[in-house]
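Input: a single structure, listed below in structure tokens.
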Amino acid sequence: MCYYAEDLPRLSDIVKESFEVLEEDDKTESQGIDRFGYGGIHFLVKLGNNSSGARYDDLKAKVCEVQLRTVMQDAWAVVSHHLLYKREEDVPTQLKRNVNALAGALDAADIAFQAIKRDRDSYLEQVSTFVVEREIDKIAINSDSLMEYLKQRFPNVDVEESGTTVDGSVKTLLGLKYRFLGQVDKLLEQTEKGRQWFRSQVDGSFVTSSTSEVQMAIYIANPAFRVANCTPKFAELYGRASQIV
């Protein structure tokens, strides 16, 4: 299964590279625009030349089926299997409207998911361009924009680690009235030396990710927040770090 219909051709290529394909059936194409039910790509395959050695000898002649579907296509397959309606003529007349409406709704959902993904990809590309061009003062903070910003601000470290996630950082930033990426950028610049000093004091035990850098900056710049959320030892260290500019 995959999330988006545009991924099906790529999955299809993987199947063709990995197996000897005996038969391929694109259910979406074969059933046509007014099809009853739902699509997907079905293969009958055997182990290909990539599978060699004694462990495969007993399997070489066996044939199996591989089905590729989106999540929505799989939802229809599960429901229709439960209802035992394989063909349109199998459906009682009084149920046809609702059954066809369900199939159409799942089809529409597949199309909508694909459109949302494309819009998100376009948004991330726009954010990335603004970050590169340093035009970030008006980019609102959300999980996508902060993730894209941190990837470029700290290109050589992981974005997240256990306990310091992008979603958690967004929640904290918004709670402290940070609204735009430009504010985060200034926060990180203002606390750069303080963060370096703090890391030197914890003797390498503090695992660094870009979200942990944001968390450190928040603790350094916000006394009330660090007192409420840190142990006394770390609150003291962050307080001392706030004096280093």
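The values are calculated or read from the model by the stated rules, or taken from the named source; none is laboratory data. The structure displayed is predicted, hence computed values, not measured ones. Methodologically, a virtual Cβ is constructed for each residue, glycine included, from the backbone with ideal geometry; neighbour enumeration extends over all protein chains shown.
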Query raised in the report: Looking at the stretch 134-156, which of the residues that are among the polar types (S, T, N, Q) and in a loop (DSSP other than H, G, I, E, B) is nearest to SER169 (Cα to Cα)?
Result: ASN142
Requested in this report: Sort out which residues of the stretch 128-151 are aliphatic (A, V, I, L, M), surrounded by 12 or more Cβ atoms within 10 Å (Cβ to Cβ) and free of Cβ contacts under 8 Å to residues at least 24 places away in the same chain, and write them in order of number.
Outcome: MET147
**Report entry** Complete set of residues in the stretch 41-56 that are surrounded by 11 or more Cβ atoms within 10 Å (Cβ to Cβ) and of a type outside the set (S, T, N, Q)
**Finding:** ILE41, HIS42, PHE43, LEU44, VAL45, LYS46, LEU47, GLY48, TYR56
Query - Enumeration of residues in the stretch 58-73 that are free of Cβ contacts under 8 Å to residues at least 60 places away in the same chain, more than 21 Å from GLY104 (Cβ to Cβ) and either surrounded by 22 or more Cβ atoms within 10 Å (Cβ to Cβ) or aliphatic (A, V, I, L, M) (or both) - result: LEU59, ALA61, VAL63, VAL66
Report task. Residues being modelled with pLDDT under 90 and of a type in the set (Phe, Trp, Tyr): count how many of those fall in the stretch 18-56. Result -> 3
Query raised in the report: If you take the residues of the stretch 201-217 that are more than 28 Å from the chain's Cα centre (by Cα) and under 20 Å from VAL159 (Cα atoms), which of them is surrounded by the most Cβ atoms within 10 Å (Cβ to Cβ)?
Result: GLY204
Report summary line: Checking VAL63, VAL71, VAL15 in turn, the sole residue that is modelled with pLDDT of 85 or more and within 30 Å of ASP144 (Cα to Cα) turns out to be VAL71
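Considering only residues of the stretch 218-242 that are part of a loop (DSSP other than H, G, I, E, B) and without any contact (Cβ under 8 Å) to a residue 12 or more places away in the chain, which is nearest to the chain's Cα centre (by Cα)? Quick ask: steps written out before the conclusion?
Keep residues of the stretch 218-242 that are part of a loop (DSSP other than H, G, I, E, B), which gives 222, 230-231, 242.
Next, only the ones that are without any contact (Cβ under 8 Å) to a residue 12 or more places away in the chain stay: 230-231.
On the way: CYS230: 31, THR231: 33 Å.
Among them, the one singled out is CYS230.
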Query - From the options LEU174, LEU188, residue that is surrounded by 15 or more Cβ atoms within 10 Å (Cβ to Cβ), in a helix (DSSP H, G or I) and modelled with pLDDT of 90 or more - result: LEU188
Report task. Within the stretch 161-175, track down each residue that is under 11 Å from VAL214 (Cβ atoms), over 17 Å from the mean Cα position of the chain (by Cα) and aliphatic (A, V, I, L, M). Result -> LEU173
Query raised in the report: So which of PHE198, PHE180, PHE154 is surrounded by 14 or more Cβ atoms within 10 Å (Cβ to Cβ), of a type in the set (Phe, Trp, Tyr), touching a Ser or Thr at 6+ places or on another chain (Cβ under 7 Å) and in the same structural domain as ASN222 (by TED's automatic domain parsing)?
Result: PHE154
Query - Complete set of residues in the stretch 195-215 that are at pLDDT 90 or above and acidic (Asp, Glu) - result: GLU213
